[in-house]
Amino acid sequence: MDTITIPQSMLPEDARFGSGPSKIRPAQVEALDRAARTLLGTSHRQAPVKDLVESIRTGIARFFSLPDGYEVVLGNGGASAFWDVMCASLITRQAACGVYGSFSKKVAASVASAPFLEDPIVFESEPGTYCVPERAEYVDTYCWAQNETSTGVQAPVYRIDGSREQGALIAIDATSAAGAIPVDISQTDVYYFSPQKAFGSEGGLWIAILSPAAIQRAEGIKRSCALEGARRWIPPFLSLTSAIDNSLKNQTLNTPSISTLVLLGEQVKWLNENGGMAWSAARCKRSSDIVYAWAERSAYARPFVTDVDARSQSVVTIDLDDSVPQAYVTAALRDNGIVDVNGYRKLGRNQLRIGVFPSVEPSDVEALLACIDYVVEHM
Ligand SMILES: *Cc1c(COP(=O)(O)O)cnc(C)c1O
């Protein structure tokens, strides 16, 4: 196949549009450079790294305007590990799960695999839509994703009617939403994410914002598992109470990637200095609006998500006509250094997926779209 050469002047300044890992800004890499002799390769139990963790925790608390009593907790293993933390340490008996794509489905699968929990009650809808669980008797934890990264759908986050009366927790997978889509944390008990999406860091870490009720729940489950004859096991690595104890000391249970923390710390500072959640959410909205408007105008592309309110402002999915194969387009873009705009493989659609997290410049989004048009015109 002939390669298409996009004119240099059309190319985005930074051509990383992945939905996670996502673009890491040069200033973050400079921070890594500064940390090279002072933080990297030094103990995470000593002040310099602990101070960095503290600045991350207070910076995240500020970014999300945390209500009294909420804590920022972190641990190793990413959001996928946190699903198992929830199974081991947070769900008492039964969860209800909203399932509308690959990531939300994996949460339900984790819950279903825990032998000491009832099967979850699953509220499912078609890819491209969302489905928030409804109140159900005996449920103690409601789980759904604020942004389903596999389909580019964003869902509202709120306390389900009657859930507080039944003492149930609201647990939100915010991995590709946190930092890009606004949220009122008081509507959640557990708001968790990994830092390689809107926070432009690297993978391997999970961060969870916990309400007093969630902290109490974890302590209660730990106590009940310690009772004689208890059949439920909390693997030490999945213990939320240990993660809380360590986080309050600005540490993690085991050794973290210090470079990930440095990149994250720099991003949290940058987001707060620029205007916090309102600023970053507006920036992502602007970038995503640019893509949706382009697709609406396009002769060969259209937004995958038909409900305008459900269209994600961090991960934009665009369907292409069959005459424009995404594999061809993404290969041509990659030949020109523009990467990671392919759709989610398992969704199996002729689709582009564009990460428009706060680190991405809206002007680069415009350049990307011009490059896509160029490739299609020269196909
Ligand atoms: C990326 C992603 C995950 C997985 O994150 P890991 O850090 O790779 O475990 C989970 N949920 C959502 C919504 C995601 O976008």
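So for the range 1-101, considering every pair of alpha-carbon atoms, how many percent are separated by more than 19 Å? Present the calculation step by step, with values, prior to reporting the outcome.
Numbers: 3600 of 5050 pairs.
Value for the range 1-101 (Cα pairs over 19 Å): 71 percent.
So what is the relative contact order for the range 52-180, in percent, with contacts set as C-alpha pairs under 8 Å and at least six apart?
22 percent
Sum -39500 (n - 2.57) across every DSSP H segment of at least 4 residues in the chain, then divide by the residue count to get the 222 nm mean residue ellipticity, nearest 500.
-12000 deg cm²/dmol
Suppose we keep just the DSSP beta bridges with both residues in the chain; what percent of those would be antiparallel, to 5?
55 percent
Report, by chain and number, residues whose modeled amide H sits under 5 Å from the one on Glu124, excluding near sequence neighbours (fewer than 5 apart, same chain).
HN-HN under 5 Å from Glu124: Val99.
In Å and from the alpha-carbon atoms only, list the Rg and Dmax of the range 132-171.
That works out to 11.1, 33 Å for Rg and Dmax.
Using C-alpha positions alone, give me the convex hull volume of the range 159-243 per residue in cubic angstrom.
Details: hull volume 9.1 nm³, N = 85.
About 107 Å³ per residue, rounded to a whole number.
With N set to the number of residues, divide the alpha-carbon radius of gyration of the range 99-256 by 2.2 N^0.38 Å and report two decimals.
Working it through for the range 99-256, the quotient is 1.05.
Taking θ = phi - 60°, what integer Hz values does the Karplus form 6.51 cos²θ - 1.76 cosθ + 1.60 yield along the range 319-331, in sequence order, with x for Gly and Pro?
7, 10, 4, 4, 6, 10, x, 4, 4, 5, 4, 5, 5
Which whole-percent values make up P(r) of the chain when all C-alpha to C-alpha distances are grouped in 10 Å steps starting at zero?
Taking all Cα pairs of the chain, the binned fractions are 5, 24, 31, 24, 12, 3, 0, 0 percent.
Based on the Cβ-Cβ distance of Asp245 and Arg334, what FRET efficiency does E = 1/(1 + (r/R0)^6) give at R0 = 45 Å, to the nearest 0.05?
For Asp245 and Arg334, the calculated efficiency is 0.50.
Compute the angle between helix 78-89 and the longest alpha-carbon principal axis of the chain, please, reported from 0 to 90 degrees and rounded to the nearest 10.
Once rounded, one gets 20 degrees.
When only C-alpha pairs under 8 Å and at least 6 residues apart count, what is the relative contact order of the chain, in percent?
So the answer I get is 25 percent.
Sort 107-120, 219-232 by the packing proxy (mean of other Cβ within 10 Å over each peptide's residues), most packed first.
With the highest mean Cβ count within 10 Å placed first, the list reads 107-120, 219-232.
Could you give the nm distance between label points at Asp161 and Ala112, where each point is 7 Å from its Cα heading toward the beta carbon?
2.9 nm
Treat the range 203-340 as a sphere of radius equal to its Kirkwood radius over Cα pairs and apply Stokes-Einstein at 4 °C in a medium of 1.567 mPa s; give the translational diffusion coefficient in µm²/s, rounded to a whole number.
65 µm²/s
Since every read-out is calculated from the coordinates, none of them should be taken as a lab result. These numbers were taken from a predicted model, which means no experiment stands behind them. Neighbour counts are summed over all protein chains in view; Cβ atoms, including those assigned to glycine, are modelled from backbone coordinates with ideal geometry.
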